[in-house]
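Working notes, beginning with the structure itself.
The values are calculated or read from the model by the stated rules, or taken from the named source; none is laboratory data. Since the structure is predicted, the reported quantities are computational estimates derived from the model, not experimental observations. Cβ sites come from the backbone with ideal geometry, for glycine too, and all protein chains shown count toward neighbours.
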Amino acid sequence: MPIADTPLAGAASPAPGAAEGGEASASGIARAGRPGPPPESVTPPGDTSTADTPPGDWAPVPTPHGLFLLRPVTLPRDLALLTGWMNDPAVAAFWELAGPPDVTEAHVRPQIEGDGRSVPCLGLLDGRPMSYWEIYRADHDVLTPYYPARPHDIGVHLLLGGGTDRGRGVGTGLLRAVTSLILAHRPRTTRVLAEPDVRNVRSVAAFLRAGYRKDRELELPDKRAALMIRDRAPTPPA
């Protein structure tokens, strides 16, 4: 939806996030558990050329701000940390998940126990948990009636947890890193999407700086969103 939809966010399934300036959230409210048809089987038997690798298996990557790693959320271990972030006013304005721990748990647990359509992760910078991400199948999300979906579209929601990580370009740098990881580990994905609230101008700006383009505006049930798209770079000629 935080770099997702508060100060920075993005996509259309479950979501919180923050980016530049007021970049607390980049995407928007949690939709990760929204109903939709289950994804098809990932890979034909015996074929590894198009296999998707889950975020928990992605290696850490260097960024201008430190070594970054996505780690799938674990409950109850991460619940207090996430609840604190969701109650930050900069995040709550766009994620709408402020409240006691059971509110956060009700958003995150269905994703953890679901079919892998949406994967909630902590972002660790040099080993320090500092952001929350949702990597989800946008083509199997309730967002699909609102835009021309393509098979294997991936959506991302992000929020920067602490104020010290906002306003310094961290959100943009991490968006670039995570988008590159998605495209590297999801070979059939041709583009990565985000849908921050149009009012979250800092989030939209962070996506633009990270190489996304604003495709259109969408009238979603809970907000007017900017559909941000990062296309896979064309393969250079042999």
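Points to keep in mind about this one:
- Cross-chain or 6+ apart pairs with Cβ under 7 Å, the range 181-208 first and closer than 20 Å to residue 53 by Cα, then assigned to a helix (DSSP H, G or I) and not polar (S, T, N, Q): 189/182; 189/183; 192/182; 192/183; 193/138
- Matching residues, the range 108-128, being surrounded by 17 or more Cβ atoms within 10 Å (Cβ to Cβ) and within 20 Å of residue 162 (Cα to Cα): 108, 120, 121, 122, 123, 124, 125
- Residues in the range 183-207 that are surrounded by 18 or more Cβ atoms within 10 Å (Cβ to Cβ) and hydroxyl-bearing (Ser, Thr, Tyr): 189, 203.
- Reported count of residues in the range 48-73, each being polar (S, T, N, Q), over 28 Å from residue 168 (Cβ atoms) and touching a helix residue (DSSP H, G or I) at 6+ places or on another chain (Cβ under 8 Å), is 1.
- Residue 179 at pLDDT 95 or above and of a type in the set (Ser, Thr, Tyr): yes
- Filtering the range 66-118 to residues that are closer than 27 Å to residue 186 by Cα, in contact with a Gly (Cβ under 6 Å, 6 or more places away or on another chain) and assigned to a helix (DSSP H, G or I) leaves 110, 111.
- Strands (runs of 3 or more DSSP E) fully within the range 119-238 counting 1 or more residues that are in contact with a Ser or Thr (Cβ under 9 Å, 6 or more places away or on another chain) and among the basic types (Lys, Arg): 128-137, 223-231
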